[in-house]
């Protein structure tokens, strides 16, 4: 059977984890299935994910010249409705018509945080093909206007199955009046990903792991914690400028307190780093935070800029980190998979929901209300309860992995 996985932002390491989780879960129950991944910046991504069959999303068939791309993007919904497609767009749809099922890749893009005009038109077009459709482990919302909310509900109601990775999205589906054949609350697709071992980890990943482990060893037994931070613009807020300034200063306050009042070492590492073709690099943001704090004891901090393969993260975290503080949800997921306790800094509901599912909702902080001193107290508390927290996480991971694999079983029911 041939499946199309659509709309992956695979240059983001967390989204890549979703792709590998979907692939591995499908392989387990449908070993003969062929998965074609239609991703943004697919050609650039081939160098990082050579074991995947990557094809360009419709938007990537447009010229990279900004004015031309803008014109094609803005006109696409109307052109599609009038059947006035350019050759690349036609080829995209031609490839999809040969598939046995169309899967919209899990993640959090059916909302008003991102533009939905092109996406909703693509969904409309693929639904018209009469091929089974599944939205695989999604977060739904937020919606800032009734028009988008109504449009999303109408489209999702035409799917054969919709699964959500968080309970809030599952509730929202029903509040919106979504009425598709199957809806299920499962878990993020990345939990089903196979974890790398020393034998299967890419050589460059293993070399960087050894460098980080050596940095930890030079601390003479001092704990090492991983910190994953990112820029965030607070879309939809009228106070975005002040909120951005506040969370940066509170992160810096936390870092300074860790250095001044504990013997911990810090390694900045994230799922979005080291891929020069991608627009986000969290290692640069980490460097900016630290630059403003100079002079700084460099022997206490390591900034990692290496682009790890998704399956390498759980092994890296489990091998090197005593605990994790993260804004990136998939870095938290990889921490859970590695059996390492975490503190979540939540800029969206998805991280809050994940912490609740694991049983560590007491270690979750809203980014908009972040206080560095309170974060530090929480950090110290978690250090004092590492053994119990590890047991909680390992138990939760077994449940979340099973629920993640349920997504693939739902897919199988759709096509049989």
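Look through 100, 51 and report the one residue that is under 30 Å from residue 200 (Cα atoms) and surrounded by fewer than 16 Cβ atoms within 10 Å (Cβ to Cβ).
Of 100, 51, the one residue that is under 30 Å from residue 200 (Cα atoms) and surrounded by fewer than 16 Cβ atoms within 10 Å (Cβ to Cβ) is 51.
Within the group 252, 257, 273, which residue is assigned by TED's automatic domain parsing to the domain that holds residue 308, touching a residue at least 60 places away in the same chain (Cβ under 8 Å) and part of a loop (DSSP other than H, G, I, E, B)?
273
Kindly indicate whether any position in the stretch 89-99 is outside any helix (DSSP H, G or I), closer than 17 Å to residue 6 by Cβ, in contact with a strand residue (DSSP E or B) (Cβ under 6 Å, 6 or more places away or on another chain) and at pLDDT 95 or above.
yes
Report every pair of residues separated by at least 6 positions or lying on different chains whose Cβ atoms are under 6 Å apart, first residue within the stretch 347-360 and touching a residue at least 40 places away in the same chain (Cβ under 8 Å), second surrounded by 23 or more Cβ atoms within 10 Å (Cβ to Cβ) and part of a loop (DSSP other than H, G, I, E, B).
Between residues of the stretch 347-360 that are touching a residue at least 40 places away in the same chain (Cβ under 8 Å) and residues that are surrounded by 23 or more Cβ atoms within 10 Å (Cβ to Cβ) and part of a loop (DSSP other than H, G, I, E, B), the close pairs are 350/166; 353/166.
Could you grab me the full set of residues in the stretch 100-151 that are under 21 Å from residue 410 (Cα atoms) and part of a helix (DSSP H, G or I)?
123, 126, 127
Just to be sure, is residue 6 part of a loop (DSSP other than H, G, I, E, B) and in contact (Cβ under 8 Å) with a residue 24 or more places away in the chain?
The answer is no for residue 6.
Regarding residue 277, is this residue touching a helix residue (DSSP H, G or I) at 6+ places or on another chain (Cβ under 7 Å), modelled with pLDDT under 95 and closer than 29 Å to residue 43 by Cβ?
In short, yes.
Within the stretch 140-151, is there a residue that is closer than 30 Å to residue 318 by Cα, touching a helix residue (DSSP H, G or I) at 6+ places or on another chain (Cβ under 6 Å), surrounded by 19 or more Cβ atoms within 10 Å (Cβ to Cβ) and not assigned by TED's automatic domain parsing to the domain that holds residue 319?
Scanning the stretch 140-151, I find no residue that is closer than 30 Å to residue 318 by Cα, touching a helix residue (DSSP H, G or I) at 6+ places or on another chain (Cβ under 6 Å), surrounded by 19 or more Cβ atoms within 10 Å (Cβ to Cβ) and not assigned by TED's automatic domain parsing to the domain that holds residue 319, so the answer is no.
The values are calculated or read from the model by the stated rules, or taken from the named source; none is laboratory data. This one's a predicted model, so the numbers in the text were calculated from it and none came from an experiment. Ideal geometry is used to build each Cβ from the backbone, glycine not excepted, and the neighbour counts take in all protein chains shown.
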